[in-house]
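S.K.: Structure provided below as structure tokens; questions to follow.
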Amino acid sequence: MTAHMLHLSHVSFAYPDCVVLRDFSAQLAPGAALVLGGDGRGKTTLLQLLAGELSPDTGRLQLDGVFLDEQPEAYRQQVFWKDPRSTSDDRLTVTDYLQSVQRTCADFDEALLKHAIDGLSLGPHLHKNLFMLSTGSKRKVWIAATAASGAKLTLLDGPFVSLDQASIDFVLQLLTEAASQSTRIWVVADYVAPSDVPLTTLINLGD
């Protein structure tokens, strides 16, 4: 394993009315990284770029030796990203959705999934369709799937939004444990730094 697993080289991306990144380069090592910024500063857009869901206008992304522009599918297979606004799986039950993630993620961790289901109090919701869940409960499902995916690049967008305090504490525990991992990069996008979580990288997009 190289010292840095994720490389962004001279990456630029802009919408017609907004420049998100301009000639941006960074190296992200295993552990916990934070994308910090205010409303409309491009936090979600950066995660979509890291996931390979959006393509940069210029520059390259490389994850564990795989370039996004050369081998897009191989790159994306190393990433887990779920947009918390997504409704694409709403007709699935929570159990069916989690099983679908398990089928597509080679390094899926069943023990970690069980730990997350317990820690996020998802047990009573496993039989429900996703569209039936509250915003907070649905986000807990995304967090559980993300944690258990085992992906080398693990992306979480606003993980504390709409969560109860017990679940916030559990997510902080997950991120603290992630900070010491040597094989996974966890990238969190939020308005503030997660309390007491050691960070390997801080990307500040400004207020």
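S.K.: Using only alpha carbon pairs under 8 Å that are at least six residues apart, calculate the relative contact order of the range 58-207 and give it in whole percent.
M.R.: 23 percent
S.K.: Using a Förster distance of 41 Å, how high is the FRET efficiency between Ser55 and Ser182, based on the Cβ-Cβ distance and rounded to 0.05? Present the calculation step by step, with values, prior to reporting the outcome.
M.R.: Details: r = 30 Å, r/R0 = 0.72.
Efficiency, rounded to the nearest 0.05: 0.90.
S.K.: I would also like to ask the following. If you roll a 1.4 angstrom probe over the protein chains with everything in place, what fraction of the accessible area of the chain belongs to carbon and sulfur, to the nearest %? Show your work: numbers first, answer last.
M.R.: Working: 4920 of 9820 Å².
Roughly 50 percent, rounded to a whole number.
S.K.: Shifting gears a bit: Using a 1.4 Å probe and counting only protein heavy atoms, arrange His10, His115 so the residue with the most accessible area comes first.
M.R.: Numbers: His10 110, His115 75 Å².
Ranked from most to least accessible, the order is His10, His115.
S.K.: Residues with beta-carbon under 9 Å from that of Leu36, excluding Leu36: net charge, scoring Lys, Arg +1 and Asp, Glu -1?
M.R.: On the way: positive: Arg41, Lys43; negative: Asp190.
Within the 9 Å Cβ shell, the charges total +1.
S.K.: Moving to a separate point now. With an 8 Å Cα cut-off and a minimum separation of 6 or more residues, compute the relative contact order for the range 1-86 in percent.
M.R.: Values: 121 pairs, mean separation 26.7, N = 86.
The normalised contact order for the range 1-86 reaches 31 percent.
S.K.: Which residue, Leu68, Phe108, Gln78, has the largest displacement toward the positive end of the dipole of the range 67-132 when charges sit on each Cβ (Lys, Arg +1; Asp, Glu -1)?
M.R.: Phe108
S.K.: Is there a quick way to get the dipole size of the chain? I mean about its Cα centre, with the Cβ of Lys and Arg at +1 and of Asp and Glu at -1; what is the value in debye to the nearest 20?
M.R.: On the way: 16 positive and 24 negative charges, 51 e Å.
Dipole of the chain, to the nearest 20 debye: 240 debye.
S.K.: I'd like the distance separating the alpha-carbon centroids of the range 47-101 and the range 139-173, in whole Å.
M.R.: Distance between centres, Cα-based: 16 Å.
S.K.: Any idea how far apart Glu70 and Thr95 come out in nm if each label point goes 7 Å out from Cα toward Cβ?
M.R.: Inter-label distance under the simple model: 4.5 nm.
S.K.: Count the net charge of all other residues whose Cβ sits under 15 Å from the Cβ of Met132, scoring Lys and Arg as +1 and Asp and Glu as -1. Could the numbers behind the result be given before it?
M.R.: Details: positive: Arg91, Lys128, Lys138, Arg139, Lys140; negative: Asp89, Asp90, Asp96.
Combined, the nearby Lys, Arg, Asp and Glu give +2.
S.K.: How large is the accessible surface of Glu110 in square angstrom, using a 1.4 angstrom probe and rounding to the nearest 10?
M.R.: 120 Å²
S.K.: Leu172 to Asn204: extension gain in nm, 0.36 nm per residue of separation minus the Cα-Cα distance? Could the numbers behind the result be given before it?
M.R.: Numbers: separation 32, 0.36 × 32 = 11.52 nm, distance 2.00 nm.
Taking Leu172 through Asn204 to full extension adds about 9.5 nm, to one decimal.
S.K.: Okay, moving on. Between Asp39 and Asp107, what FRET efficiency comes out of the Förster formula 1/(1 + (r/R0)^6) with R0 = 25 Å and r the beta carbon distance, rounded to 0.05?
M.R.: Numbers: r = 34 Å, r/R0 = 1.37.
Once the sixth-power term is evaluated, E becomes 0.15.
S.K.: Antiparallel DSSP bridges in the range 1-104: what percent, to the nearest 5? Could the numbers behind the result be given before it?
M.R.: On the way: 14 of 14 bridges.
Here the share of antiparallel DSSP bridges comes out near 100 percent.
S.K.: Answer with one residue from Gly206, Gln181, Pro124: the one whose Cα lies farthest towards the positive end of the charge dipole of the chain, charges on Cβ with Lys, Arg +1 and Asp, Glu -1.
M.R.: The residue sitting farthest along the positive end of the dipole is Pro124.
S.K.: Can you work out the accessible area per residue across the chain, with the rest of the protein chains kept in place, probe 1.4 Å, in square angstrom?
M.R.: On the way: 9820 Å² over 207 residues.
That works out to 47 Å² per residue.
S.K.: Rounded if a/c is under 1.5, else prolate if a/b beats b/c, else oblate: with a ≥ b ≥ c from the C-alpha gyration tensor eigenvalues square-rooted, which is the range 21-86? Before the final figure, lay out the partial values.
M.R.: Values: a/c = 1.44, a/b = 1.31, b/c = 1.10.
Note, shape of the range 21-86 comes out rounded.
S.K.: Next question, about the same structure. In what sequence, largest accessible area first, do Asp23, Asp196 appear using a 1.4 Å probe? Show your work: numbers first, answer last.
M.R.: On the way: Asp23 90, Asp196 140 Å².
Heavy-atom accessible area, descending, gives Asp196, Asp23.
S.K.: Shape of the range 128-207 from its Cα gyration tensor (a ≥ b ≥ c, root eigenvalues): rounded if a/c is under 1.5, otherwise prolate when a/b > b/c, or oblate? Before the final figure, lay out the partial values.
M.R.: Details: a/c = 1.80, a/b = 1.41, b/c = 1.28.
Prolate, since a/c reaches 1.5 and a/b exceeds b/c.
The values are calculated or read from the model by the stated rules, or taken from the named source; none is laboratory data. Note that this is a predicted model, so its numbers are computed, not measured. Here Cβ is always computed from backbone atoms with ideal geometry, including for glycine, and neighbour counts include all displayed protein chains. Side chains are part of the model used for accessible areas, which takes the heavy atoms of the whole protein and leaves out ligands, DNA and RNA. Shrake-Rupley method; radii C 1.70, N 1.55, O 1.52, S 1.80 Å.
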